[in-house]
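Worksheet: the structure to be examined is printed underneath.
The values are calculated or read from the model by the stated rules, or taken from the named source; none is laboratory data. Keep in mind the model is a prediction, meaning the values are calculated, not measured. Neighbour counts are summed over all protein chains in view; Cβ atoms, including those assigned to glycine, are modelled from backbone coordinates with ideal geometry. SASA here: full protein model, heavy atoms, side chains in, ligands and nucleic acids out. Shrake-Rupley method; radii C 1.70, N 1.55, O 1.52, S 1.80 Å.
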Amino acid sequence: MTIDERAQVPTARRIVVKVGSSSISGENAGQIGPLVDALAEAHGRGTQVILVSSGAIATGIPYLSLDGRPTDLATQQAAAAVGQNVLIYRYQDSLDRYEIVAGQVLLTAGDMENPTHRSNAKRAMERLLDLRILPIVNENDTVATHEIRFGDNDRLAALVALLVEADLLVLLSDVDALYTKPPQEPGAERIGVVGWGDELAGVEIGSTGLSGVGTGGALTKVSAARQAAERGTAVILTATTLVADALRGEPVGTWFAPAPSTDDVGVVADATA
């Protein structure tokens, strides 16, 4: 189905929610509980939910006794190997309260570009959803390289939403909405709705986030939102703390209206180019 307005969000058949590293690691690790509460509420009303979660590297950093995010690929891979294990445990530990089982799906950009791998990923996620399992998707940082990685999980989330033909994509971060300029600057105004075809004239979109542990920012989120919306998937961009309201259809964050029609919402190959 096509979700054309916020009021229809609670009726969505399938949603993809993406959360960034800064929202669920370090001092914000406690936000996993409220995030799971919101996902479980949607799951409980019959919606199929897929979570795209960053945070493996950021979660692994303290366990490797590092002072900050590593810059070399090998140490990033090591941090991801440790952090992914801890991250999934934290999610499952929280999901246990609702008797929901998580399924881990790790992808690389190469997987989404390869038709066979892409088909396998789609089949696996479809089966997990049929079994009422909640897939948790992340980039496979342990094997990804600088040359082929997604670079940010906003793009990965958009591709996953297209792959599984989701009705709604929710992009979460530490900022509550898209603004006319960086929200910390004077005169910044919240943008409630981005209509289909709206060019966002005069909007200053920053390329970095507010924290130092993630890789994305407003620019990557807007790009991902555009990518999904142009293929018929509605998008909400908002803060992790507002996810429950967003999934209830409340007027929070920024709503990206989907294209009124699309020829093939399931085509992902061209989007990965």
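Before moving on, here are some points about what is shown:
- Qualifying residue in the range 44-58 (condition: of a type in the set (Lys, Arg) and at pLDDT below 95): no
- Residue count, the range 180-200 (criterion: in a loop (DSSP other than H, G, I, E, B) and farther than 30 Å from Glu113 by Cβ): 12
- Inside the range 67-83, residues that are within 14 Å of Ser25 (Cβ to Cβ) and either open to solvent by 60 Å² or more (accessible area, probe 1.4 Å) or hydroxyl-bearing (Ser, Thr, Tyr) (or both) make up a count of 1.
- All positions within the range 221-250 that are open to solvent by 30 Å² or more (accessible area, probe 1.4 Å) and at pLDDT below 95: Ser223, Arg226, Glu230, Arg231
- Applying the condition of being assigned to a helix (DSSP H, G or I) and in contact with a Gly (Cβ under 8 Å, 6 or more places away or on another chain) to the range 158-179 and asking which residue is nearest to Thr220 (Cα to Cα) yields Leu162.
- Helices (runs of 4 or more DSSP H) (entirely within the range 1-116) containing at least 2 residues that are in contact (Cβ under 8 Å) with a residue 24 or more places away in the chain and farther than 29 Å from Asp176 by Cβ: 73-95, 109-113
- Taking the criterion of being more than 15 Å from the chain's Cα centre (by Cα) and open to solvent by 10 Å² or more (accessible area, probe 1.4 Å), the only residue of the range 49-58 that qualifies is Ala58.
- Pick from the range 126-135, criterion of a type outside the set (Asp, Glu) and assigned to a helix (DSSP H, G or I), ranking: surrounded by the fewest Cβ atoms within 10 Å (Cβ to Cβ): Arg127
- Leading residue by the ranking (most open to solvent (accessible area, probe 1.4 Å)) among those in the range 2-25 that are of a type in the set (Val, Ile, Thr) and modelled with pLDDT of 95 or more: Thr11
- Positions within the range 84-125 being over 16 Å from Ile136 (Cβ atoms), of a type in the set (Gly, Ala, Ser) and open to solvent by less than 20 Å² (accessible area, probe 1.4 Å), in sequence order: Ala109
- Residue check for Ile205: in contact with a Leu (Cβ under 6 Å, 6 or more places away or on another chain), modelled with pLDDT under 85 and open to solvent by 20 Å² or more (accessible area, probe 1.4 Å): yes
- Among the residues making up the range 223-249, a single one is part of a helix (DSSP H, G or I), in contact with a Phe, Trp or Tyr (Cβ under 7 Å, 6 or more places away or on another chain) and closer than 25 Å to Asn28 by Cβ: Ala225.
- Candidates are the residues of the range 155-181 that are over 12 Å from the mean Cα position of the chain (by Cα) and either among the aromatic types (Phe, Trp, Tyr) or under 14 Å from Ser21 (Cα atoms) (or both); the one that is surrounded by the fewest Cβ atoms within 10 Å (Cβ to Cβ) is Asp174.
- Qualifying residue in the range 26-33 (condition: open to solvent by 20 Å² or more (accessible area, probe 1.4 Å) and hydrophobic (A, V, I, L, M, F, W, C)): yes
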